[in-house]
1. With the requirement that a residue be among the β-branched types (Val, Ile, Thr) and in a strand (DSSP E or B), what does region 84-106 give you?
2. Which condition number does Val77 fail, the rest of (1) among the β-branched types (Val, Ile, Thr); (2) within 31 Å of the chain's Cα centre (by Cα); (3) open to solvent by less than 70 Å² (accessible area, probe 1.4 Å) being met?
3. If we keep just the residues of region 132-159 that are under 30 Å from Ile105 (Cα atoms) and within 19 Å of the chain's Cα centre (by Cα), which is surrounded by the most Cβ atoms within 10 Å (Cβ to Cβ)?
4. Of all residues in region 40-94, count the ones that are over 23 Å from His140 (Cβ atoms) and modelled with pLDDT of 90 or more.
5. Select, from Leu109, Leu119, the only residue that is in contact with a Phe, Trp or Tyr (Cβ under 8 Å, 6 or more places away or on another chain), more than 30 Å from Pro59 (Cα to Cα), of a type in the set (A, V, I, L, M) and not in a strand (DSSP E or B).
Amino acid sequence: MNHYPNPNPGEPWHQPSGETPGWGFPPEQHHGGAIEPYGAPTGGYHPMGPQPPTGGDVPLGTIGEIAFSQSTVITPVGRFPIQGTVWTVNDMSRTERTTPTWAVIVAILVFWWTCLLGLLFLLVKEQKTTGHVQVSVQGHNKHYTTSIMVTHPGMVGQIHQQVNYARNLA
């Protein structure tokens, strides 16, 4: 069996006029070497979205959906100056330490053969953090609150550090 297509006319990959399809030459030759603007017919790189404004208004940090620069707070409800803003952090997360199920099963199974030595497996603990941290910013007749999901106790400290940095700029 031949894996190459049959060049005979009438095959599905042929054009209705009977000619073998092909790319042919482009309508005009492009010789290259010249710098062409983005709108040129040859294409080009187009940036994804609006670029940050030039100057000192480049975002310095982001807390959830709130971004802040040296002089501006940027939220989904709008932009406003960072001077005179009030930042609030509410930690609504909790961390639980529990004995995992596998440690209880191993302690029960090993208890009979090692005479109380298997009970040491009950000392194994795992730490699980759930909840979120709520960050609010208000100032200049605008208010915005965002919630950030927390999966590790270190994330809470990191959020507090970012808010303290924003407070120093305010």
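The values are calculated or read from the model by the stated rules, or taken from the named source; none is laboratory data. Please read all numbers here as calculations on a predicted model, not as lab measurements. Because the Cβ atoms are built from the backbone with ideal geometry, glycine has one as well, and the counts that use them run over all protein chains shown. For accessibility, only protein heavy atoms count, side chains too; no ligands or nucleic acids. Shrake-Rupley method; radii C 1.70, N 1.55, O 1.52, S 1.80 Å.
1. Looking only at region 84-106, we keep the residues that are among the β-branched types (Val, Ile, Thr), and these are 85-86, 88-89, 95, 98-99, 101, 104-106.
Within region 84-106, Val86, Thr88, Val89, Thr95, Thr98 meet the criteria.
2. Failing condition for Val77: (3).
3. Applying the first criterion (under 30 Å from Ile105 (Cα atoms)) to region 132-159 yields 150-153.
Cutting the leftovers down to within 19 Å of the chain's Cα centre (by Cα) gives us 150-152.
Details: Val150: 21, Thr151: 11, His152: 13.
Filtering first and then ranking leaves Val150.
4. Selection size over region 40-94: 4.
5. Only one candidate qualifies: Leu119.
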